[in-house]
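The values are calculated or read from the model by the stated rules, or taken from the named source; none is laboratory data. These figures come from a predicted structure and were not determined experimentally. Here the Cβ positions follow ideal geometry from the backbone for every residue, glycine too, while neighbour counts run over all protein chains shown. Just so you know, the surface numbers come from the protein's heavy atoms only, side chains and all, with ligands and any DNA or RNA stripped out. Shrake-Rupley method; radii C 1.70, N 1.55, O 1.52, S 1.80 Å.
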Amino acid sequence: MELTEETARKFAAIALGHVERPYPYKDEHVFESEADVRPPRAAHPVFFGSFDWHSCVHGWWTLLTLRRLYPATPEAAQIAVLAEQTFTPEKLAVELAYLDRPSARGFERPYGWGWLMYLHLEAGRHDNREWAGRLEPLVRAFAARFRDYLMVLTYPITVGTHFNTAFALVLARRWALVHDPALAALIDDWAERAFGSRSDYRGWEPGGDEFFSPVLIAALLMAEVRPHLSFAPWFDGLVLANGWLERECRPVVVSDRSDGKIAHLDGLNLSRAWCLGGCASALADPAAGLLLGELRREHLAAALPHVAGDYMGEHWLASFALLALLPEG
């Protein structure tokens, strides 16, 4: 269950089919007056597709990642042309101006923030293009917001949906290690305070509309924050010694993929696979690594056949599948 060119082309075709699809669209907008009544594309000329802003952002991350990995495919050429038309200074200036609204302080916090930073990190890997430079003002605005947010966020948000703190920090930290070492250090300190003393997980999951495992996404963050030698005993005390991982972490059932909330559960299977793979690479215990590897394969097998199908899942699931299939996540 690794990424192949055939699978990559399928994922690219899916994302190309929705990053410019304007409707249906779920707008995260606070209306301040009648003057705010406008189509979503007026406020978000770059990220107006894919049902919502954050899904369009990570749809673009999917496209740029696949272009880099498979540059000779026909889809790669299509992606480059579309990116040139989309990531223009004029359009990105409108996206940046939107953040100046007083009511936009919490816009897409923190899920969309993390994804925008991850998109910029990927854009920087396309050396012959100006996409990263054009995205720079927008990503710096979100980085500043992340810095301010962590200064006032007393407790981690551990729900399994967009508000989850640990997921956004994984993506933001990967960006910050390259572009903002001070922010990376702040994330490390905050994560250690928030999760370093956690142990003996017995939470109720899955929830009926989750696409993250609250415990596994926190574990993935700690796997990247902590040196491997200190991560292993922490992870053992969290989910291995009490048997939670082996007993409870099984692929979930998705009863209705036309229901946008229930369809989240396909994402849970994929994000669990991503976390299990990342945590396994940080463990020295062969037995634990085998267990996590088998659970990863089970979750991928349950979810990969359903990446395409109903638009409620199709507009975002390829990104989560790509995270789970990439060696580096």
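Worth a mention:
- Residue match in segment 150-164 (condition: touching a Ser or Thr at 6+ places or on another chain (Cβ under 6 Å) and open to solvent by 10 Å² or more (accessible area, probe 1.4 Å)): yes
- Counting only residues that are open to solvent by less than 60 Å² (accessible area, probe 1.4 Å) and under 21 Å from the mean Cα position of the chain (by Cα), segment 245-258 holds 4 of them.
- Residue among Leu283, Leu270 that alone is farther than 23 Å from Cys56 by Cα and either in contact with a His (Cβ under 9 Å, 6 or more places away or on another chain) or β-branched (Val, Ile, Thr) (or both): Leu283
- Selected residue (criterion: least open to solvent (accessible area, probe 1.4 Å)) from residues of segment 33-71 that are in contact with a Lys or Arg (Cβ under 7 Å, 6 or more places away or on another chain) and among the charged types (D, E, K, R): Asp52
- Residue pairs whose Cβ atoms lie under 6 Å apart, separated by 6 or more positions or on different chains, with the first residue in segment 189-202 and open to solvent by less than 20 Å² (accessible area, probe 1.4 Å) and the second in a loop (DSSP other than H, G, I, E, B), are Ala194/Pro156.
- Every listed requirement among (1) farther than 30 Å from Ser50 by Cβ; (2) out of contact with any Gly (no Cβ under 6 Å at 6 or more places or on another chain) is met by Leu283 save one, (2).
- Scanning segment 272-286 turns up at least one residue that is open to solvent by 20 Å² or more (accessible area, probe 1.4 Å) and of a type in the set (D, E, K, R).
- Residue within segment 14-27 that is closer than 30 Å to Glu294 by Cβ, open to solvent by 10 Å² or more (accessible area, probe 1.4 Å) and touching a residue at least 40 places away in the same chain (Cβ under 8 Å) present: yes
- So Ala141, is it aliphatic (A, V, I, L, M) and open to solvent by 20 Å² or more (accessible area, probe 1.4 Å): yes
- Extreme residue, farthest from Met1 (Cα to Cα), among residues of segment 257-280 that are in a loop (DSSP other than H, G, I, E, B) and of a type in the set (A, V, I, L, M): Ile262
- Options Trp131, Trp113; residue that is modelled with pLDDT of 95 or more, farther than 28 Å from Phe31 by Cα and in contact with a helix residue (DSSP H, G or I) (Cβ under 6 Å, 6 or more places away or on another chain): Trp131
- None of Glu224, Glu314 is under 28 Å from Val19 (Cα atoms), acidic (Asp, Glu), open to solvent by 20 Å² or more (accessible area, probe 1.4 Å) and touching a helix residue (DSSP H, G or I) at 6+ places or on another chain (Cβ under 7 Å) except Glu314.
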